[in-house]
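Chemist: First, the structure itself, so that you have it in front of you.
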Amino acid sequence: MNAVFETDRGRVRSHNEDSGGVFHHNGSLCLAVVADGMGGHNAGDTASRMTISMFEQHWNETALNIQSPDEALNWMKAIIPVINKEILFHAHTHPECSGMGTTLVAALCTDRFCAIASIGDSRCYLQSEDGFSQVTEDHSLVNELVKSGEITKEAAESHPKKNVLTRALGTDEKLSVDYRTIMFEEGDLLLLCSDGLSNKVSALEMSHILQSPDPLHEKANTLIRLANENGGEDNITVAILEHCAERESG
């Protein structure tokens, strides 16, 4: 399984509040995580870094024997509430971090399936022989308006409250995370990203880049470059997983 992770501050923000990474186990298991932090001062990057650090630690300690979709989902369902409590505790004990939180999208993949967890508006997409599709659903005010029929998807793209989240990690003791599993087959690619990419690069452009013959790291860099060319107002983070025989790290 090939995988690559890239993050960029963008052209406007003074620092990067996105965090993420790709973690392997013996070539048979791969975990990709993207977290887009939010909060005043440097609190956003604190929340996102804590999330990735705890995922990596838990991965190294407990993920060795995951073999089934249920085991993968249960693994994520065990760690995410712990991370939520840690972020809340840190914010409570560090006044400068009050109100911090982060989005989260995580994919635990084997050569047969991917288990996916998401909260907020960081996204997961799948490129397969059936085409390009968004796997996750945004937890945002604008998406709720689209679902209720109050606005169209087209209107949502330029809505002034597009970035208002209805759910996030580390902001409330009551945690609601979306979990699902999908098939992952030879030739499939999984794209995880923060909204710094999805707000600036269309689904058609993403699909075109993923289907190019370029190496994974060039695909990731092309996606980031295009987001920057289209404004780059936000941090941009990308993780790509490719189901194939050989592994490329980045």
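The values are calculated or read from the model by the stated rules, or taken from the named source; none is laboratory data. Keep in mind that this is a model prediction, so the values were computed, not measured. Because the Cβ atoms are built from the backbone with ideal geometry, glycine has one as well, and the counts that use them run over all protein chains shown. The area values use the complete protein model at the heavy-atom level, side chains included, leaving out ligands, DNA and RNA. Shrake-Rupley method; radii C 1.70, N 1.55, O 1.52, S 1.80 Å.
Chemist: Order 89-98, 106-115 from most to least packed using the mean count of other Cβ atoms within 10 Å.
Modeler: The densest-packed peptide leads the list: 106-115, 89-98.
Chemist: How are the Cα pair distances of region 1-144 distributed, in percent, across 5 Å bins from 0?
Modeler: Pairs per bin, as whole percents: 2, 9, 17, 22, 20, 16, 9, 4, 1, 0.
Chemist: Kindly provide the pair-distance distribution of region 113-250 built from C-alpha pairs, with 5 Å bins from 0 and whole-percent values in order of increasing distance.
Modeler: 2, 9, 18, 21, 21, 16, 9, 4, 1, 0
Chemist: OK, next. Roll a 1.4 angstrom probe over the protein heavy atoms and tell me the percent of accessible area of region 20-78 that is carbon or sulfur.
Modeler: Looking at region 20-78 in its full context, I get 44 percent from C and S.
Chemist: Determine by what factor the alpha-carbon radius of gyration of the chain differs from 2.2 N^0.38 Å, reporting the quotient.
Modeler: It is 0.95.
Chemist: Heavy atoms only, probe 1.4 Å: what % of the accessible area of region 85-130 goes to carbon and sulfur, would you let me know?
Modeler: 49
Chemist: What are the ³J(HN,Hα) couplings of region 119-126, residue after residue, when phi is run through the Karplus curve with 6.51, -1.76, 1.60 and θ = phi - 60°? Round to Hz, x for glycine and proline.
Modeler: 8, x, 10, 6, 10, 10, 10, 10
Chemist: Could you do me a favour and compute the accessible area per residue for the chain, 1.4 Å probe, result in Å²?
Modeler: Normalised by residue count, the accessible surface of the chain is 47 Å².
Chemist: Hey, can you grab everything whose amide H is under 5 Å from the amide H of Phe184? Only 5+ residues off in sequence or another chain; H modelled, so Pro and N-termini drop out.
Modeler: So Phe184 has HN proximity to Phe113, Cys114.
Chemist: What translational D, rounded to a whole number of µm²/s, comes out for region 37-99 from Stokes-Einstein when the hydrodynamic radius is the Kirkwood one over Cα pairs, at 37 °C and 0.692 mPa s?
Modeler: Answer, rounded: 259 µm²/s.
Chemist: Dipole magnitude of region 112-162 about its Cα centre, charges +1 at Lys/Arg Cβ and -1 at Asp/Glu Cβ only, in debye to the nearest 20?
Modeler: 140
Chemist: By how many nm would the segment from Glu86 to Glu185 grow when fully extended, if each residue of separation counts as 0.36 nm and the alpha-carbon distance is taken off?
Modeler: 32.1 nm
Chemist: Just to be sure I follow the rule: in the chain, considering lysines 8 or more places apart or on different chains, how many pairs have Cα atoms under 20 Å apart?
Modeler: Close lysine pairs under the 20 Å cut-off: 11.
Chemist: Continuing with the same structure: Could you work out how much longer the chain between Lys174 and Glu150 gets when fully extended? Use 0.36 nm per residue separation minus the Cα distance between them, nm to one decimal.
Modeler: Gain on extension, Lys174 to Glu150, equals 5.9 nm.
Chemist: What percent do you get for the relative contact order of region 97-138 when only Cα pairs under 8 Å and 6+ apart count?
Modeler: 30
Chemist: Using a 1.4 Å probe over the heavy atoms of the protein chains, calculate the carbon and sulfur portion of the accessible area of region 190-250 as a whole percent. Numbers along the way, then the final one.
Modeler: Values: 1190 of 2490 Å².
Summing carbon and sulfur atoms, their accessible area is 48 percent of the total for region 190-250.
Chemist: Of all the Cα-Cα pairs you can form in region 62-164, what percent are over 18 Å apart?
Modeler: Taking all Cα-Cα pairs of region 62-164, the fraction more than 18 Å apart is 63 percent.
Chemist: Then there is this: For the chain, set up a Gaussian network in which alpha carbons nearer than 10 Å are linked by springs, and say which option among Leu216, Leu104, Leu141 fluctuates the most.
Modeler: For the chain, modelled as a Gaussian network with Cα springs under 10 Å, the answer is Leu141.
Chemist: Hey, if you put +1 on the Cβ of every Lys and Arg and -1 on every Asp and Glu Cβ in the chain, which of Thr166, Tyr125, Phe55 ends up farthest toward the positive end of that dipole?
Modeler: My answer, from the dipole projection, is Thr166.
Chemist: Report the residues of region 112-139 in range of a label on His25: point 7 Å along Cα→C-beta, backbone N strictly under 15 Å from it.
Modeler: Answer for this model: 112-116.
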